[in-house]
Amino acid sequence: MRKVLVYGLGVSGISSVKALASMGYEVYTYDKNKTTTDELKGYNYSPISDSKILENNYEFVVKSPGIKPSDDMVQKLSSRYEMLSDIELSFRLFPDKKFVAVTGTNGKTSTTSMISHILNESGIKAISVGNIGEGILWRMYKEEAVFVEELSSFQLKNTSQYHPHIASILNITPDHIDWHGSLDDYIGSKLNIDANQDSSDFLIINHDDPTINEHRAEFKADVYEFSSKSKIECGLYTEEGMIKFAKDGKVIDVLKLADLKIIGNHNYENLMAAILTAYLYGLSFEQIAKAAKTFTSIEHRLEFVDEVSAVKIYNDSKATNVDSAIKAIESFSDPLIIIAGGYDKKIDYTDFIKAFMENGKLMILMGETKHQLAKLCEDYKIDYQIVEDMEEAVKLATSLAEANDVILLAPASASWDMYESYEARGREFKKYIEKYKGNIR
C-alpha cells in the first residue's frame with residue numbers, strides 16, 4: 001500500500017486524510033498540537049510521533065498551508081520527500097475535474113464567491129474551495145462540479161505541476177513576509193499560478209497593479225485585463241458608471257454599477273475578474289450580468305452591519321493587511337471611526353495611516369500592532385485611542401459616533417494575536433455592535 005504523510009490537521013489536513021484514506025492510501029499524520037480529531041472518526045489513519053516520523057518511506061508529504069517552510073520538521077522532511085500542497089495534489093489525483101483558479105493579496109474570497117455565484121445562478125454547479133470553506137481534496141473526491149479555487153501564497157508555494165486553464169491574479173502587495181522570509185519569495189509563490197500555463201490557457205490580471213506588470217513579459221497564457229482606472233484593449237474596465245468589455249477594437253456595455261449590491265472600486269475589480277472568468281468559461285455577458293446583480297457582500301468583507309441614527313457600521317475583518325484596509329477606507333467619503341490593529345506580520349503601516357488622513361475622524365487601536373500604529377498616528381497628527389479588546393473598542397466607537405459617521409472594522413492586521421480567525425474577530429465585532437449600538441445618539 002502506498003504510504004503518505006499528512007503534516008498538520010487543520011481544515012486542509014483533515015480534508016486530505018479523508019480523501020487519501022478513502023482512495024486506499026496508507027495515511028500517516030503528524031501535528032505538533034494534536035494526534036487525533038473527532039472529524040476523522042471512522043477514517044483509517046495512523047498518528048505518528050516526532051521520533052518515528054522519518055522512519056517510513058512516504059510517496060509524498062501533504063503539508064498544511066499555514067506551516068512555515070522554515071519549520072524544523074518541514075526542513076527534515078523536505079530533504080527526503082516531495083512536499084506537496086493540497087492544491088498540487090488535487091491536480092494530480094483528479095486531473096479530469098473542472099476548475100478555475102484565483103489568487104492575489106486581497107479580494108480572493110470575494111472573487112471566488114462571485115464566480116461561484118455567477119456559475120450557480122447560470123445553472124452550472126460550482127463549489128468554492130481552497131483557502132475557503134471545506135478542504136479541496138475531500139470535496140473533489142466526493143462531488144462533481146466546477147471547483148472555484150481560492151489560492152493563497154502558502155498553497156501555491158508547494159506546486160510544480162499545477163496547471164489551471166483559467167486563472168486570475170487580482171493584485172500583489174507585501175504580505176506574509178514572516179511566513180515566506182522575503183517579498184521575492186511571496187511574489188514568486190503568487191506567480192506560480194501561471195508557471196505551467198501556455199498560449200491555450202487564459203490569465204486574468206489587474207491592469208493597474210505595478211508588481212503584476214513587472215512580470216507581464218513572463219506570462220505564457222492569453223492575457224485578459226481588468227481596470228477601475230483606465231481603458232484597456234482586452235478585458236473589462238469601468239467608465240461613466242458602466243462595466244465595459246473591450247476586444248479587437250470593439251467595446252460593449254456589460255453592466256451598470258448602479259445595478260449592483262456591492263460598493264467600492266476594489267469590489268468592482270473583484271467582480272470584473274469574476275465576470276471575465278465566467279465569460280472565458282463560456283457564459284454570455286447577458287447571463288453573467290443577470291447573476292452579478294444578485295450578488296451581495298459576503299460576511300466580514302466590507303459587510304454592512306447596521307445603521308443607527310444615520311451612523312453606518314461595516315465589518316471588514318478580512319482586511320488583514322494594509323492594502324485591503326486602504327481599499328475599505330477608500331470606499332467611503334463620510335467621516336470614519338476605524339477599529340484597527342492585530343497580529344504583527346512585520347509590515348509597514350504608513351500607507352494605511354496616510355489613507356486614513358483623507359476623511360478619518362478617530363482610529364481605535366488594539367492588538368499587537370497598536371503601539372506601532374499609535375506612533376504613526378502621532379507622526380501624522382491623527383487622533384487615536386488605545387483599547388485592550390473588542391468590547392472596549394466598540395463601546396468607545398459607538399459612544400463617539402455622530403450622524404453621517406461610519407464605524408468601520410478594518411484592522412490592517414491578521415487576527416491571530418487575539419482570535420483563532422478573522423471570522424471570529426468579525427463575529428465578536430458584530431456581537432458588541434448589537435450590545436452597544438444604543439450608545440449612538
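The values are calculated or read from the model by the stated rules, or taken from the named source; none is laboratory data. Quantities reported herein were computed from a predicted structural model and do not represent experimental measurements. Neighbour counts run over all protein chains shown; Cβ positions are idealised from the backbone, glycine included. When the accessible area is computed, the model is the full protein with side chains, heavy atoms only, and any ligands, DNA or RNA have been set aside. Shrake-Rupley method; radii C 1.70, N 1.55, O 1.52, S 1.80 Å.
One table, with the values for the structure above:
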quantity	calculated
Among residues of region 263-282, those that are out of contact with any helix residue (DSSP H, G or I) (no Cβ under 7 Å at 6 or more places or on another chain) and outside any helix (DSSP H, G or I), counted	2
Residue that is most open to solvent (accessible area, probe 1.4 Å) [pool: residues in region 274-304 that are touching a strand residue (DSSP E or B) at 6+ places or on another chain (Cβ under 8 Å) and modelled with pLDDT under 90]	PHE304
Cross-chain or 6+ apart pairs with Cβ under 7 Å, region 429-441 first and within 11 Å of ILE313 (Cβ to Cβ) and in contact (Cβ under 8 Å) with a residue 60 or more places away in the chain, then open to solvent by less than 50 Å² (accessible area, probe 1.4 Å) and assigned to a helix (DSSP H, G or I)	PHE429/MET390; PHE429/VAL394; ILE433/VAL394; LYS437/THR398; ILE440/THR398
Qualifying residue in region 226-234 (condition: closer than 30 Å to LEU40 by Cβ and not charged (D, E, K, R))	no
Single unsatisfied condition, SER227 versus (1) more than 21 Å from the chain's Cα centre (by Cα); (2) modelled with pLDDT of 95 or more; (3) open to solvent by less than 80 Å² (accessible area, probe 1.4 Å)	(1)
Selection within region 386-426 - open to solvent by 10 Å² or more (accessible area, probe 1.4 Å), closer than 20 Å to ALA328 by Cβ, assigned to a helix (DSSP H, G or I) and without any contact (Cβ under 8 Å) to a residue 60 or more places away in the chain	LEU396, ALA424
So MET83, is it over 21 Å from LYS142 (Cβ atoms), at pLDDT 90 or above and among the hydrophobic types (A, V, I, L, M, F, W, C)	yes
Matching residues, region 243-256, being open to solvent by less than 30 Å² (accessible area, probe 1.4 Å) and under 25 Å from GLU303 (Cβ atoms)	ILE243, LEU255
Test: residue in region 91-109 that is assigned to a strand (DSSP E or B) and farther than 26 Å from ILE298 by Cα	no
So GLU88, is it in contact (Cβ under 8 Å) with a residue 24 or more places away in the chain, in a helix (DSSP H, G or I) and either under 20 Å from the mean Cα position of the chain (by Cα) or buried (at least 16 other Cβ atoms within 10 Å of the Cβ) (or both)	yes
Residues of region 327-342 satisfying the condition of being at pLDDT below 95 and either acidic (Asp, Glu) or in a strand (DSSP E or B) (or both)	GLU330, ASP334
Residue that is nearest to HIS215 (Cα to Cα), among those in region 149-170 that are at pLDDT 95 or above and in a loop (DSSP other than H, G, I, E, B)	LEU170
Candidate set from region 309-357 (those that are under 22 Å from LYS431 (Cβ atoms) and among the aromatic types (Phe, Trp, Tyr)); member that is least open to solvent (accessible area, probe 1.4 Å)	TYR314
Residue tally, condition among the polar types (S, T, N, Q) and assigned to a helix (DSSP H, G or I), over region 309-326	1
